Amino acid sequence: MARKFLCLAFLLLLVLLFTGCATIDLSTPALPEEDSLAAARTGTGTLSGTVRDAAGKRLKNATVVVEGTSLSATTSSLGKYRITKVPAGKVTVTAFLEGYTPQRKTVTVRKNTTTTVNFTLSQESPGSTSLSQPAPSPQATVPVDLLVTYGWGKNNVVRWKNGTVYVYDATGGNGTVDVASLLNSWNDVIGGVTTFRLSSNPQSPVKIYYDVQKVTAFGPGTWGVAFVWWSNYEIVKAEVAILPCGTYYGGMNLCPKIELYLHELGHVVGFGGHTNDGGVMDPVPRSTTITATVREMLSALYSLPVGYALTKAPGVPKDGMAVIPMRWEKEKE
């Protein structure tokens, strides 16, 4: 009897142990879908593909942009592109080429994986635009002349979309310039529709960096260069290349100053020209004053929707880019 009792007790113990283990297993079930998504959100991957027209012809010099980042590529003579270090997760990718309607695709990029994204662009009809907005009859408070003169889009509104735009400063403000404060100065002018914020993410859509070769290629005296890209009239990427402290152009001592940063950021936020009114947007700024002309233009720019037709005359291509250098001159004695 004792032996039988011991056997029954042993069996009961096994059942309890087995039940306990089963309970633990059931309380933490495997979720492969969640694990897969979590893996997709970490690290970086690669995008590659081919851009063709509707007839299947490979398109050279098309631009492919990962929206919300500074990542982009230009297609080769075979219409191929490749973008590395793309943040894992869902991203929106846009391909555009002058004369063609842009195409947007949203895909999931996975860590250490190449995702193929091909594009087929349709050629635009002469005089067509993707935004069918009539020429307005602006209120007297909208300074159309200023927008046409100083806007990147000339007869159409070209600006950043509403929301937050992040800026990565690889120069650290040269150790003396508070870039975050300068961005707030432009935010005050714009009025809150679009806000520019400093970010530690190198893949931000706006990037400030040192590049001696790129800047000096624009000729003697060039201190900095602003590059702006837009798609469907919406600015999607901007870069500011500047010179670090040093001696250039046969003995010219240059060092980044607040005027340089504020001026180039003015181009980034949407001011596409130069004034001659003693302010920071003069070709060679002598002050950090954001003048009434600049304030009025930018405030009006962000009061109108992206792509808005200011006049019946044709504007710039709805997909394009612009480059504007800033030169430095010695102060007059």
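Every number in this text was worked out from the coordinates using simple rules, so none of it is lab data. Keep in mind the model is a prediction, meaning the values are calculated, not measured. Note that we place each Cβ from the backbone using ideal geometry, even for glycine, and neighbour counts take in every protein chain shown.
A few notes on this one:
- Amide H contacts under 5 Å for Q103, placed H, 5+ residues apart: A95
- Pairs exceeding a 29 Å alpha-carbon distance, out of K90/K312; K80/K237; K90/K154: K90/K312; K90/K154.
- Between R295 and A180, the distance separating the two model label sites (each 7 Å from Cα on the Cα→Cβ line) works out to 2.5 nm.
- Amide H contacts of L71 (H built 1.01 Å from N, in plane; Pro and chain starts excluded): V66 sit under 5 Å, all sequence-distant by 5 or more or on other chains.
- Residues in segment 59-91 reached by a label modelled at T106 [backbone nitrogen below 12 Å; 7 Å Cα→Cβ]: 90-91
- The phi-based Karplus calculation (6.51 cos²θ - 1.76 cosθ + 1.60; θ = phi - 60°) puts the 3J(HN,Hα) values of segment 291-300 at 6, 4, 4, 5, 4, 5, 5, 5, 4, 5 Hz, whole numbers, x for Gly and Pro.
- Label-to-label distance, nm, for residues given as K60 and R327 (7 Å Cα→Cβ offset): 3.3 nm
- Close amide H contacts of A62 (hydrogens built in the peptide plane, cut-off under 5 Å, sequence separation of 5 or more or a different chain): T75.
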